[in-house]
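The values are calculated or read from the model by the stated rules, or taken from the named source; none is laboratory data. Only a predicted model underlies this, so the values are computations on that prediction, with no experimental measurement involved. Using ideal geometry, Cβ is built from the backbone for each residue, glycine included, and neighbour counts are taken over all protein chains shown. Just so you know, the surface numbers come from the protein's heavy atoms only, side chains and all, with ligands and any DNA or RNA stripped out. Shrake-Rupley method; radii C 1.70, N 1.55, O 1.52, S 1.80 Å.
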Amino acid sequence: LTDMNRKMSPHEARMLWMGRVVIWVTIIIVLFPVLWIVMSSFSAGDSFFLSSLFPKKFSIEHYTSLFQETNFMLWTWNSVKLCLIVAAIQLAMTSLAAYAFSRLRFTGRKYGLMSLLVLQVFPSSMAVAGYYILIYEFGLVDSNAALIFVLAGGSAYNIWLLKSYIDGLPKELDEAAMVDGATHFQVFRKIILPLAAPQLAVIFLFSFIATYSEYVITSIFLQTPGKMTLALGLQTFISDQFAAHWTTFSAAAVLSSIPIMIVFMCLQKYIQSGLVSGGVKG
């Protein structure tokens, strides 16, 4: 209470205001491109570079053309469906692997964890040529199942993230449950999963966003227009050699952010509790 009532010195006051200025400048820098995209989507014509931030004539023609002249809704459904399936599978695989590395002792555990660290060094784009050869040899070109299998292959980063969280949970809970006759799977399902729900929500969100924005691997696997995702569909607006519809692309980019916003808002309670519990855990 004494520290709270103590008056700040001039130096502390200057540092406080400098911190506030830095925060506001950072917010403006981050939000400016977003505002530019939104304003561009309401601008008539196809020019992406406006003479001013706000267009001289507001128009919703690009939003109308998205629904009337393109398969935007089909692309959105394909992306959301793919993201939900991949995120669910990856969440199941990640949680099982993280529990095993955290709670079980087995041969190769140490080297398995080190291998996960090594795998994080190499980006998934390095395996694009290998993916193409495999899907061509096994006749899996234009296959959603093969795409899901590749994208849901797990994430070394997510396994390490969840393992660290499980390491912080009291092992006495596991021991008490096993004294009562519980198996490892029962401990995992009834104790670990409920306690790790905030971190599971974060991993689900990461997996959803990563799949939602995936373009390189998706462009190799999917070739039929009816199976295109949002990332592939948006590319068609700016890849035409005769015309680039940047304003229509901006409108699609604005609308395509809605599914991620919905998922984030649905998981916000768990994400917030996860950050709070991680901040006070000692």
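Remarks
- TRP17 vs. criteria in a helix (DSSP H, G or I) and modelled with pLDDT under 90: yes
- Candidates LYS171, LYS227: the one that is open to solvent by 40 Å² or more (accessible area, probe 1.4 Å), touching a residue at least 60 places away in the same chain (Cβ under 8 Å), over 19 Å from GLN68 (Cα atoms) and in contact with a helix residue (DSSP H, G or I) (Cβ under 8 Å, 6 or more places away or on another chain) is LYS171.
- Residue within region 137-152 that is open to solvent by 30 Å² or more (accessible area, probe 1.4 Å), hydroxyl-bearing (Ser, Thr, Tyr) and out of contact with any Asp or Glu (no Cβ under 6 Å at 6 or more places or on another chain) present: no
- For LEU104, the conditions (1) open to solvent by 30 Å² or more (accessible area, probe 1.4 Å); (2) modelled with pLDDT under 80 all hold with the exception of (2).
- Cβ separations smaller than 6 Å between residues 6+ apart or across chains give no pair from region 108-126 residues that are within 19 Å of VAL150 (Cβ to Cβ) to residues that are of a type in the set (A, V, I, L, M, F, W, C) and surrounded by fewer than 10 Cβ atoms within 10 Å (Cβ to Cβ).
- Region 57-87, residues that are touching a residue at least 12 places away in the same chain (Cβ under 8 Å) and exposed (fewer than 14 other Cβ atoms within 10 Å of the Cβ): LYS57, PHE58, ILE60
- Of all residues in region 107-123 being open to solvent by less than 70 Å² (accessible area, probe 1.4 Å) and hydrophobic (A, V, I, L, M, F, W, C), the one that is nearest to the chain's Cα centre (by Cα): LEU116
- Summed over region 86-107, the residues that are of a type in the set (Phe, Trp, Tyr) and either part of a loop (DSSP other than H, G, I, E, B) or in contact with a strand residue (DSSP E or B) (Cβ under 8 Å, 6 or more places away or on another chain) (or both) give a count of 1.
- For region 75-107, a tally of residues being among the aliphatic types (A, V, I, L, M), over 18 Å from ALA145 (Cα atoms) and out of contact with any Leu (no Cβ under 6 Å at 6 or more places or on another chain) returns 4.
- In region 209-219, the condition of being over 30 Å from ALA146 (Cα atoms) and either open to solvent by less than 70 Å² (accessible area, probe 1.4 Å) or out of contact with any Cys (no Cβ under 8 Å at 6 or more places or on another chain) (or both) is met by no residue.
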